[in-house]
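Student: Below is one structure. I have some questions about it.
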């Protein structure tokens, strides 16, 4: 059973359902780090990258082909979803506020990506793939972020992204949303302590009380079942057997989970990817969650740069990163540089510029400390550099 995942140390593939993993050769300096992945089989894998590119892997992951790159249209490819080997949709943020989000469609496996004109201008996906979801080539949902709460809108398309209608919502903002089909969907917003559920494509929403332990990172329906759903926030993992109406906390080995993404290949085999490099696996639909075996030891204690919290933010947000202690070369303190940039690559702030001993760190970015009230709302990037490790993530300032 083939699968591919992206973690901060690179791309890793398995051909036996996750018992063994092997690193995939991929030039991140040339193409950018993989941000979102869509896989049909081992010869049809698509990557959306941090630098706004779409890359396809073929021939059992061996061949790498750049399919899309246009910095005038996007600098960040948030989302890619292939529905079969020919048909798929991708989305990237626009580089300026005067342009719409970039919606791309292909009907020939990515040989051609057609840009779809749309009416969603000046808006972005505030947290990448967590706030956009296409069910098929025509039906999709997008939750926008931009300069004010008035711009925090939930959009729906039924014509493949040509036109987006605003639909009613009971929430001012969401951490993540996920749809099982064009009608059944869930969203979560942790400060309000609610799960939101729709069974009619967003026309009506049920508000379900839920006390989260942190930022909600992912929601995942079990393939073939709209009733069975997994959810991870930063600290805990939860399961619902009634489409999100009630939830049960599931205990795993780590007390600090740092959950980030849930992936299921079928109704039985799935993985939970965590921000500290640890991966958990289930082979019975979540009935048993176990830490991956020593095949993962080499990637459990590496550098990490996690999503800022809260996001969007105003005026302050917290950025967490880790310096590893594996190997003699990392026992001594390492020089760490953490900076914030705008969309044009201009430096906004230097948050860390010093040697750091192995460990976990939190840094607060307060806009007022660096720019008073002059820094405008919009998308910014923060980048961590430590030795050969370089990683960047985006965040949204919302005034």
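Student: What single numbered condition from (1) modelled with pLDDT under 95; (2) more than 26 Å from residue 242 (Cβ to Cβ) fails to hold for residue 209?
Tutor: (2)
Student: Oh, and also: Do any residues in the range 324-353 that are modelled with pLDDT under 85 have Cβ atoms under 7 Å from those of residues that are in a loop (DSSP other than H, G, I, E, B) and buried (at least 17 other Cβ atoms within 10 Å of the Cβ), where the two are at least six apart or on different chains, and which pairs are they?
Tutor: Note: pairs meeting the criteria are 324/301; 324/302; 324/303; 325/301; 326/301; 330/324; 343/75; 343/95.
Student: Any chance you could count how many residues in the range 124-156 are within 14 Å of residue 187 (Cα to Cα), at pLDDT 90 or above and part of a loop (DSSP other than H, G, I, E, B)?
Tutor: 0
Student: Report the residue count in the range 374-399 for those that are in a strand (DSSP E or B) and either closer than 27 Å to residue 356 by Cα or out of contact with any helix residue (DSSP H, G or I) (no Cβ under 8 Å at 6 or more places or on another chain) (or both).
Tutor: Within the range 374-399, residues that are in a strand (DSSP E or B) and either closer than 27 Å to residue 356 by Cα or out of contact with any helix residue (DSSP H, G or I) (no Cβ under 8 Å at 6 or more places or on another chain) (or both) number 17.
Student: Next question. From the residues in the range 1-13 that are part of a strand (DSSP E or B) and surrounded by 18 or more Cβ atoms within 10 Å (Cβ to Cβ), which one is modelled with the lowest pLDDT?
Tutor: Here the residue is 7.
A quick yes/no check of all residues on (1) at pLDDT 95 or above; (2) over 22 Å from the mean Cα position of the chain (by Cα); (3) buried (at least 21 other Cβ atoms within 10 Å of the Cβ):
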{"site": "215", "(1), (2), (3)": "no, no, yes"}
{"site": "233", "(1), (2), (3)": "no, no, yes"}
{"site": "244", "(1), (2), (3)": "yes, no, yes"}
{"site": "266", "(1), (2), (3)": "no, no, no"}
{"site": "274", "(1), (2), (3)": "no, no, yes"}
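Student: Given the conditions (1) in a loop (DSSP other than H, G, I, E, B); (2) surrounded by 21 or more Cβ atoms within 10 Å (Cβ to Cβ); (3) modelled with pLDDT of 95 or more, which single one is not true for residue 94?
Tutor: Checking residue 94 against (1) in a loop (DSSP other than H, G, I, E, B); (2) surrounded by 21 or more Cβ atoms within 10 Å (Cβ to Cβ); (3) modelled with pLDDT of 95 or more, the one that fails is (3).
Student: Please determine, by comparing only the residues of the range 276-302 that are assigned to a strand (DSSP E or B) and crowded, with 18+ Cβ neighbours inside 10 Å, which one is modelled with the lowest pLDDT. Walk me through how you get there before you give the answer.
Tutor: The initial filter retains those residues of the range 276-302 that are assigned to a strand (DSSP E or B), namely 279-282, 290-291.
Now narrow it down to the ones that are crowded, with 18+ Cβ neighbours inside 10 Å: 279-282.
On the way: 279: 77, 280: 81, 281: 81, 282: 83.
Looking at residues that are assigned to a strand (DSSP E or B) and crowded, with 18+ Cβ neighbours inside 10 Å, I get 279.
Student: Here is a follow-up. When you look at residue 210, is it over 20 Å from the mean Cα position of the chain (by Cα) and farther than 23 Å from residue 399 by Cα, yes or no?
Tutor: Taking the combined requirement at face value, the residue satisfies it.
Student: Consider residue 29 against the criteria (1) surrounded by fewer than 16 Cβ atoms within 10 Å (Cβ to Cβ); (2) at pLDDT 80 or above; (3) farther than 24 Å from residue 93 by Cβ: it satisfies all of them except one. Which criterion is unmet?
Tutor: That leaves (3) as the condition not met.
Student: Out of all the residues in the range 157-186, which are in contact (Cβ under 8 Å) with a residue 40 or more places away in the chain, part of a strand (DSSP E or B) and under 20 Å from residue 398 (Cβ atoms)? It would help to see each step written out before you state the result.
Tutor: Residues of the range 157-186 in contact (Cβ under 8 Å) with a residue 40 or more places away in the chain: 160-164, 173-182, 184-186.
Okay, now just the ones that are also part of a strand (DSSP E or B), so 176-179, 185-186.
The answer is 176, 177.
Student: Test each condition in (1) under 29 Å from residue 303 (Cβ atoms); (2) at pLDDT 95 or above; (3) buried (at least 19 other Cβ atoms within 10 Å of the Cβ) for residue 88 and report the one that comes out false.
Tutor: (1)
Student: Checking residue 254 against (1) touching a helix residue (DSSP H, G or I) at 6+ places or on another chain (Cβ under 8 Å); (2) modelled with pLDDT under 85, only one condition comes out false. Which one?
Tutor: Failed condition: (1).
Student: A further question follows. Being in contact (Cβ under 8 Å) with a residue 40 or more places away in the chain and assigned to a loop (DSSP other than H, G, I, E, B) is the filter here; which residues of the range 49-83 pass it?
Tutor: Once the filter is applied, which keeps residues that are in contact (Cβ under 8 Å) with a residue 40 or more places away in the chain and assigned to a loop (DSSP other than H, G, I, E, B), the range 49-83 yields 50, 52, 61, 73, 75, 76, 83.
Student: In the range 39-71, which residues are at pLDDT 95 or above, in contact with a helix residue (DSSP H, G or I) (Cβ under 7 Å, 6 or more places away or on another chain) and within 15 Å of residue 89 (Cα to Cα)?
Tutor: Selection gives 53, 55.
The values are calculated or read from the model by the stated rules, or taken from the named source; none is laboratory data. This is a predicted model, so every value here is computed, not measured. Quick reminder, even Gly has a Cβ in these numbers, built from the backbone with ideal geometry, and neighbours come from all protein chains shown.
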